[in-house]
1. Quickly run through region B:51-82 and pick out the residues that are among the polar types (S, T, N, Q) and over 17 Å from B:Glu100 (Cβ atoms).
2. Taking region B:50-66 on its own, how many of its residues are open to solvent by 70 Å² or more (accessible area, probe 1.4 Å), more than 17 Å from the chain's Cα centre (by Cα) and free of Cβ contacts under 8 Å to residues at least 12 places away in the same chain?
3. Of everything in region B:112-135, what is hydrophobic (A, V, I, L, M, F, W, C) and touching a helix residue (DSSP H, G or I) at 6+ places or on another chain (Cβ under 8 Å)? Give them in sequence order.
4. Out of region B:104-117, which residues are within 8 Å of chain A (Cβ to nearest Cβ) and either open to solvent by less than 10 Å² (accessible area, probe 1.4 Å) or under 28 Å from B:Arg30 (Cβ atoms) (or both)?
5. Identify all residues within region B:62-90 that are closer than 12 Å to B:Ala17 by Cβ and among the small types (Gly, Ala, Ser); write none if there are none.
6. Taking region B:120-139 on its own, how many of its residues are over 15 Å from B:Gly29 (Cβ atoms), part of a strand (DSSP E or B), of a type outside the set (Lys, Arg) and open to solvent by 10 Å² or more (accessible area, probe 1.4 Å)?
7. Only one residue in B:Ser62, B:Ser57, B:Ser79 is of a type in the set (S, T, N, Q) and in contact with a Ser or Thr (Cβ under 9 Å, 6 or more places away or on another chain). Which one?
8. Which pairs turn up if I take residues in region B:6-23 that are of a type in the set (Ser, Thr, Tyr) and look for partners that are open to solvent by 20 Å² or more (accessible area, probe 1.4 Å) with beta carbon separation below 6 Å, at least 6 apart in sequence or on another chain?
Amino acid sequence: MKKSIADIMAIRQSMQSEIILRDNVDAEKEIHIIVGMGTCGIEAGAREVFNAMVDYVEEHDLKGIRVTRTGCMGDCADEPMIEVHVPGKEHEVYKKVTAKKAVEIIKKLAK
Amino acid sequence: MDLSFALLELASNSLDAGATLVKIRLRVGRRAYLKVSDNGRGMDGETLKKACEEGFSGKGSSGIGLYQTAKCASQSGGSLKIRSKIGKGTSAILKAGQFETGDMAASLAVILDDESDIVFKARIGCKSVKLDTRRKRDETGGISLSDARTKAIVKQYVNENLK
């Protein structure tokens, strides 16, 4: 049977997960992770890194984590690269990230 | 060739071109048809001519993405055709003979962003799915498309309907 986004949200709500609205997380507390997604990044596995983080956030119902893409980060040999922005802290750049390392990074951030 | 990676390459170019709307149409049967059109800044004739050349980039990147996508399409018995107009946008039509659909949901999760809307219509065999983030945002009062949890919902939605 075909499912709509509303169906998926209803399933999640019934599992006591909340519907995500733009204003339900204080924007000033949001962690922002940017993944280099130029061709160099994609070839090196950036899509898997990106989705490993999305899946971990989903599994552990972590709130206030934005994950977005950007183009080539200018250091193709070190891709996949990710940039982590935590409010009130200096941003950090991680090089040669794997899906496993990305999950470790998210775990640390969520603590 | 893997269509989901081709989608990621083409849609990434749309986003890098400042598109606020990216429309994706995918039809998969014995052959595959993938169209990605955007309202980004577009290319002039000279840039368009060189767009698929190895090492050429209009945005200071490696110049490999479109070259490789076009080459894979051609090797698969298909083609990549791009039309563009400065100030209007670009549309790329990829046809493939031999292909894998790949992980479409994973590619969509990457391109969902608060800066732009995505319209994704796919028919794979007898399964179909449609996602229009413009509509969802109106309905939900501004759903954040870059929140990891939103991306997870969209992945689940696409996978549920295409499996």
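1. Our first condition is that a residue be among the polar types (S, T, N, Q); within region B:51-82, this holds for B:57, B:61-62, B:68-69, B:74-76, B:79.
Within region B:51-82, B:Ser57, B:Ser61, B:Ser62, B:Ser79 meet the criteria.
2. Within region B:50-66, residues that are open to solvent by 70 Å² or more (accessible area, probe 1.4 Å), more than 17 Å from the chain's Cα centre (by Cα) and free of Cβ contacts under 8 Å to residues at least 12 places away in the same chain number 2.
3. Selection gives B:Leu112, B:Ile118, B:Val119, B:Phe120, B:Ala122, B:Ile124, B:Val129, B:Leu131.
4. Those that are within 8 Å of chain A (Cβ to nearest Cβ) and either open to solvent by less than 10 Å² (accessible area, probe 1.4 Å) or under 28 Å from B:Arg30 (Cβ atoms) (or both): B:Ala106, B:Ser107, B:Ala109, B:Val110, B:Ile111.
5. B:Ser84, B:Gly87, B:Gly89 - these are the residues of region B:62-90 that are closer than 12 Å to B:Ala17 by Cβ and among the small types (Gly, Ala, Ser).
6. The number of residues fulfilling the criteria is 1.
7. That would be B:Ser62, the only listed residue that is of a type in the set (S, T, N, Q) and in contact with a Ser or Thr (Cβ under 9 Å, 6 or more places away or on another chain).
8. B:Ser14/B:Asp38
The values are calculated or read from the model by the stated rules, or taken from the named source; none is laboratory data. All of these numbers come straight from a predicted model, not from anything done at the bench. Methodologically, a virtual Cβ is constructed for each residue, glycine included, from the backbone with ideal geometry; neighbour enumeration extends over all protein chains shown. For accessibility, only protein heavy atoms count, side chains too; no ligands or nucleic acids. Shrake-Rupley method; radii C 1.70, N 1.55, O 1.52, S 1.80 Å.
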